[in-house]
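This report refers to the structure that appears directly beneath it.
The values are calculated or read from the model by the stated rules, or taken from the named source; none is laboratory data. Computed from a prediction, not measured in an experiment: that's the story for all the values here. Neighbour counts run over all protein chains shown; Cβ positions are idealised from the backbone, glycine included. Ligands, DNA and RNA are stripped out before the accessible areas are found, and what is left, the full protein with its side chains, is counted by its heavy atoms. Shrake-Rupley method; radii C 1.70, N 1.55, O 1.52, S 1.80 Å.
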Amino acid sequence: MQMPVEVKLFGLLAHPAQHSLSPLMHNAAFHACQLPYHYQAFDVPPDQLEEAIKAIKLLNIKGVNVTVPHKEKIIPFLDQINEEAKAIGAVNTIVNENGSLHGYNTDGDGYVQSLIQETTVDLHQASIIILGAGGAAKGIAIYLLKNGCRHLMIANRSPLKAEQLEEQLQAYSTKLEHQVEIRHVPWQKAAEHCEAADVIINTTSVGLWPHVTEMPVQLKEISLKQKVVSDIIYNPLMTAFLQEAKSKGAEIHTGVGMFIYQGARAFRLFTLQEPPVEVMKQVVMHHLQRSSYNQH
Ligand code: ATR
């Protein structure tokens, strides 16, 4: 006789929560793996976050993802967080280990896995420029370094934030076994530095719906052959930046990969099983193509 598998509940803490594609993606993944688990989105207003954390323990919810606006504020309520999440200063995945809540950040990790799986980038060789110096840039930069990136440039509209991010990355890099060269470059010269890089990653919100014709940097004047151009925006899927890059011969990488792979990394933490990435990708892509999500 087979032992029955324990029913487990997982979820998302967000505010608002109703538009998230995480329940769709995780429930499809559980189903594909024949796991009797359920993933539920919970709308948690900021002033109720501590109560929500208590509820996770009380109701024995086995794991949750955390998104806007809770990723930073949730940290003091956790029992442990891993080194990368600490360095990033944000948590997007929590695993309930017998009442002890452990925090991780799978956003940057997921982004880098998606870049590795979906493009020809060789992280050990490539010179990479990140446009933007916000939370997303920080997560991505830390995981690029952790995964072997040796040459990293940061360009941000507000120079102070680029400088601060560079300092934080330098501090993190002392824990690595390989040498890294990290520097910030002036926003006004970003196009020039894009030309010198092999991989260009847009982490700014420029080009996000409804401002779909805007681009963080003008690529018109620069040669993009042999380069990979990546955008973390997935609404729209093909940003103006990626369209321009594609028309100039670059290999492009869309933002949906980051969403899928952050979910895949979380799935692995939740279940200790290999995530069914193709199923997760299909269900998300199907939804995005069917809905007006990336057109409106
Ligand atoms: P996230 O967590 O998604 O990274 P964020 O922390 O608010 O969000 O960061 C947004 C990024 O987009 C920042 O790097 C921001 O630049 P500033 O630090 O100068 O604000 C960048 N950004 C937003 N609008 C921009 C614009 N119009 N031009 C250039 N950069 C912009």
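Which of the lysines could a cross-linker bridge to Lys54, judged by Cα under 27 Å and excluding same-chain residues fewer than eight apart?
The qualifying lysines are Lys8, Lys62, Lys71, Lys73, Lys86.
Could you tell me which residue out of Val44, Gly89, Val112 lies farthest along the dipole of region 40-145 toward its positive end? Charges go on the beta carbon: Lys and Arg +1, Asp and Glu -1, centred on the Cα centre.
Val44
Do you know the relative contact order of the chain, to the nearest whole percent, from alpha carbon pairs under 8 angstrom that are 6+ apart? Could you put the intermediate results ahead of the total?
Numbers: 578 pairs, mean separation 48.2, N = 296.
Across the chain, relative contact order equals 16 percent.
For every helix of n ≥ 4 consecutive DSSP H residues, a contribution of -39,500 (n - 2.57) applies; sum these over the chain, divide by its total residues, and give [θ] at 222 nm rounded to the nearest 500 deg cm²/dmol.
-11500 deg cm²/dmol
What GluC sites (Glu not before Pro) does region 130-209 have in DSSP loop regions with at most 13 other beta carbons within 10 Å?
Details: sites: Glu163, Glu166, Glu167, Glu177, Glu181, Glu192, Glu195; in loops: Glu177.
Filter output for region 130-209: Glu177.
Express as a percent, rounded to the nearest 5, the fraction of DSSP beta bridges in the chain (both residues included) that run antiparallel.
Bridges in the chain that DSSP calls antiparallel: roughly 20 percent.
Keeping all protein chains in place and using 1.4 angstrom, which order do Thr254, Thr119 fall into by accessible surface area, from largest down?
Result, largest first: Thr254, Thr119.
Taking the Cα centre as origin and putting +1 on Lys and Arg beta-carbons and -1 on Asp and Glu beta-carbons, what dipole magnitude results for region 214-296, to the nearest 20 debye?
100
With every protein chain kept in place and ligands, DNA and RNA left out, what is the accessible area per residue of region 39-190? Probe 1.4 Å, answer in Å².
With the other protein chains kept in place, region 39-190 gives 46 Å² per residue.
With contacts defined as alpha carbon pairs under 8 Å and 6 or more residues apart, what's the relative contact order of region 1-97 in percent? Walk me through the numbers before you get to the answer.
Working: 138 pairs, mean separation 31.0, N = 97.
Taking the mean separation of contacting Cα pairs over the length of region 1-97, I get 32 percent.
Rounded if a/c is under 1.5, else prolate if a/b beats b/c, else oblate: with a ≥ b ≥ c from the C-alpha gyration tensor eigenvalues square-rooted, which is region 1-66?
Since a/c reaches 1.5 but b/c is at least a/b, the shape of region 1-66 is classed as oblate.
Loop only by DSSP, 15 or fewer other Cβ within 10 Å of the Cβ. Give me the trypsin sites (Lys or Arg not before Pro) in region 238-296 that pass, ordered by residue number.
The qualifying sites are Lys248.
Taking a cut-off of 17 Å between Cα atoms, list the lysines near Lys246, but don't count ones fewer than 8 places away on the same chain.
Lys220, Lys225, Lys227
Around Leu176, under 14 Å between beta carbons, what's the net of Lys plus Arg minus Asp minus Glu among the other residues? Could the numbers behind the result be given before it?
Values: positive: Lys146, Arg150, Lys175; negative: Glu83, Glu84, Glu177, Glu181.
Net charge in that neighbourhood comes out at -1.
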